[in-house]
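Everything below concerns the one structure shown next.
The values are calculated or read from the model by the stated rules, or taken from the named source; none is laboratory data. These numbers were taken from a predicted model, which means no experiment stands behind them. Cβ: placed from backbone, ideal geometry, glycine included. Neighbour counts: every protein chain shown.
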Amino acid sequence: MVDILFLGTGGGRFNLVKQLRGTGGFMLLGRTLTLHVDPGPGALLRLLDAGQDPTKTDALIVTHMHVDHVSDAGVLAEAMSGFTFTRRGLLVAAQSVLEGDRHGDRTVSRYHQGLLGECAAFGPNDSRQFEIKKEKSPSSSTARAPAGPSTPASSFHLRGVPVKHDDKAGFGFVLEMDGVKIGYTSDTEYLPGIHDRAYAGLDVLIANNLKSAADGIPDHLHSGDLIKLLKSAKPKLCILSHMGLGLIQSGPEAEAARIESASGVPTIAGKDGYYYCTDRCGWFDAAKEKKKASEEKGRAREGQKKLE
Ligand SMILES: [Zn+2]
């Protein structure tokens, strides 16, 4: 089971500044691992609003160096490293993010990289199993499963996928964790053939679908091309994210329904502050679920006290 928590389903330069929809990326909440993908502006605040603890994030994945995908990575590195006191946490990022682009701009500082346990440069042709060393105490993680021999390994597999985007070092990916295969296009134009093959056989494809139609501006996915990709790759589910201002204003749910009927692939629009549970196949309000869980815990504690 993996819960996909959206901290921002907005994309494009207009929404970035206006923040009609958030730009904090998304989190993958597995049985033993918590990953955060593309933490753009507002990621930390959205994460706190959703009832998550940023010090419990195990890994950040940053697919390219653009500000709407990386701006909060530094502050999240401070959280992951226990307020900078422990070298902990993994950052998997494009070379441009870690080492700089052709102009020498790097978007996660050396200081913040140095706070983490590991920084791994990753690209579109890479494929790697990442092992995360967890602390022994189960309370030190967001783990839902009890510690012990039956606890699943704290690892995930990442396979890079090529993109056609302004940051040439950027990558999309297919990530496998807890038996769930999740694809993420990141920002890209559709690459026929390459994307059809790379995203085949997924449980969920998260598509950064900026627009409902092509408008001559390159480097991004629009619904027409996404329909072609879905018809060919046939994931079990597609979730729209990174939607531009026009798409947000015209109605993401209606656009998802249109894509679903044209492609034959179940398609839904991502929702800020909600997580999609791959087991229960539905949306849950992250903050409400967190509150409910802590109230249940409190009641159980009270019950235990009465018994003692
Ligand atoms: Zn971009």
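Worth a mention:
- Any chance ALA269 is surrounded by 21 or more Cβ atoms within 10 Å (Cβ to Cβ), within 16 Å of the ligand (Cβ to nearest atom) and of a type in the set (Gly, Ala, Ser): no
- The condition of being of a type in the set (S, T, N, Q), modelled with pLDDT of 95 or more and part of a loop (DSSP other than H, G, I, E, B) does not hold for THR151.
- Contact map, the stretch 165-192: residues that are among the charged types (D, E, K, R) paired with residues that are part of a strand (DSSP E or B), Cβ distance under 6 Å, separation 6+ or inter-chain. Pairs shown: GLU176/HIS157; ASP187/ASN208.
- The stretch 47-95: number of residues that are among the hydrophobic types (A, V, I, L, M, F, W, C), more than 16 Å from the ligand (Cβ to nearest atom) and closer than 14 Å to GLY25 by Cα: 6
- One residue stands out among those in the stretch 170-193 that are closer than 19 Å to ARG128 by Cα and of a type in the set (Val, Ile, Thr): the one that is nearest to the ligand (Cβ to nearest atom), which is THR185.
- VAL163 falls short on exactly one of the conditions (1) away from the ligand (no atom under 16 Å from the Cβ); (2) touching a Phe, Trp or Tyr at 6+ places or on another chain (Cβ under 7 Å); (3) of a type outside the set (Ser, Thr, Tyr), and that condition is (1).
- Test for LEU202: is it of a type outside the set (Gly, Ala, Ser) and more than 24 Å from ASP49 (Cβ to Cβ): yes
- Of the residues making up the stretch 55-106, just one is closer than 11 Å to ALA169 by Cβ, among the charged types (D, E, K, R) and assigned to a helix (DSSP H, G or I), namely GLU99.
- Residue count for the stretch 217-256, restricted to those that are part of a strand (DSSP E or B) and within 16 Å of the ligand (Cβ to nearest atom): 4
- Index of the failed condition, HIS36 passing every other in (1) more than 30 Å from GLU289 (Cα to Cα); (2) outside any helix (DSSP H, G or I): (1)
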